[in-house]
1. Based only on the alpha carbon positions, what is the Kirkwood hydrodynamic radius of the range 51-97, in angstrom?
2. Run the helix sum for the chain: -39,500 (n - 2.57) per DSSP H stretch of 4+ residues, divided by residue count, reported at 222 nm to the nearest 500 deg cm²/dmol.
3. Can you tell me how much longer the chain between ASP243 and GLN186 gets when fully stretched, taken as 0.36 nm per residue apart minus their C-alpha distance, in nm with one decimal?
4. Using a 7 Å offset from the Cα along the Cα-to-Cβ direction at both LEU123 and HIS2, what is the distance between the two label points in nm, to one decimal?
5. Counting only heavy atoms of the protein chains, get the accessible area per residue of the range 35-169 (1.4 Å probe) and round it to a whole Å² value.
6. Give me the one-decimal nm value for the distance between modelled label points at ARG23 and ALA201, 7 Å along each residue's Cα-to-Cβ direction.
7. Counting only protein heavy atoms and using a 1.4 Å probe, what share of the accessible area of the chain belongs to carbon plus sulfur, as a whole percent?
8. Would you mind estimating how fast the range 52-156 diffuses translationally, via Stokes-Einstein at 4 °C and 1.567 mPa s with the Kirkwood radius over Cα pairs, in µm²/s?
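The values are calculated or read from the model by the stated rules, or taken from the named source; none is laboratory data. Predicted model, so just to flag it, every value in this text is computed and none were measured. Because the Cβ atoms are built from the backbone with ideal geometry, glycine has one as well, and the counts that use them run over all protein chains shown. In case anyone asks, the SASA skips ligands and DNA or RNA and just uses the protein heavy atoms, side chains included. Shrake-Rupley method; radii C 1.70, N 1.55, O 1.52, S 1.80 Å.
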Amino acid sequence: MHARAVLTVERGAGGRTVVRELRSQSPLSLVPRRGTAAAADLAVTVHMVGSASTPLAGDDVELDVRVGPGADLVLTGVAAAVALPGTDRPSSLTLRFTVAEDASVQYLPEPTVVTARAHHHTLLHARLHPTARLRAREVLVAGRAGEPSGRYRGTVRIEESGERPSRSPDMSESAVRTRPLLHQTQELGDAVLQGSAAHLAGRRVLGTEVLLWGEDGEAAAGSWWSLTPLAVRGSLATAVGPDAVSAQRALAEAVAAHPGWTAATLHKRPARSPGTSGTAVRALAEEAP
């Protein structure tokens, strides 16, 4: 099954973000949040809904997301994705984000379960303006309970592209640059690799979250999680766990250690924000001056 989807959001009147273009087809449906809660939020939330059994081997799904200047998008899942075996061809999911000046994206899908004999590929490619912000999560579950993992290969490629003020007197006031911020590939399906302390250490669930969201601070680590600043800007949170609940709890602790995200959460959302546990937010609020 082949499917293409497009989502474009822009900043509208009063500073609220609105959906300008939305096209999707089975097995992926895009559903904007409605109602009183949506009307009260300046950001727009769009849910990704699987409208068929997917990803099934041979499926090829692409999603192009464009976020205009000053717009804020939260793109979430509503249920775990279960990668299933099928034909000899792997299933694939490709997401492309273009995030303009002073815009932000939170990409918060539910976990992906890679079942035995499945073969699934993903690519997340984001191009950001130097003033744009991005939060992108991935939670991988190596097989259902009592079964080995299928094969999985996922790549995250994030680039910064746009005008940035030049500090050199020999150059013009601004220069257009494109530079990589993160290029990472994760793989599942090799039992020896998954048992290694450098990978899953025998645990079933791997969670990662990229944060390009204000100040990065120093590296930090806790029980089964770490937060590592990237070379140019941004940080990478990583966590492992025996199950999805434990891994996501550890990942939330890593995200809570990020000073830029913490400051934004406390300033804008004293209550629970998407993808951050209530316990983590309450702890941060108690520590805040």
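1. Final number for the Kirkwood radius of the range 51-97 is 12.6 Å.
2. -4000 deg cm²/dmol
3. Separation in residues times 0.36 nm, less the Cα-Cα distance, equals 18.7 nm.
4. Modelled inter-label distance: 1.5 nm.
5. For the range 35-169, the per-residue accessible area is 41 Å².
6. It works out to 4.7 nm between the two label points.
7. On the way: 7310 of 13900 Å².
Using a 1.4 Å probe with all protein chains present, the chain comes out at 53 percent carbon and sulfur.
8. This corresponds to a translational diffusion coefficient of 89 µm²/s.
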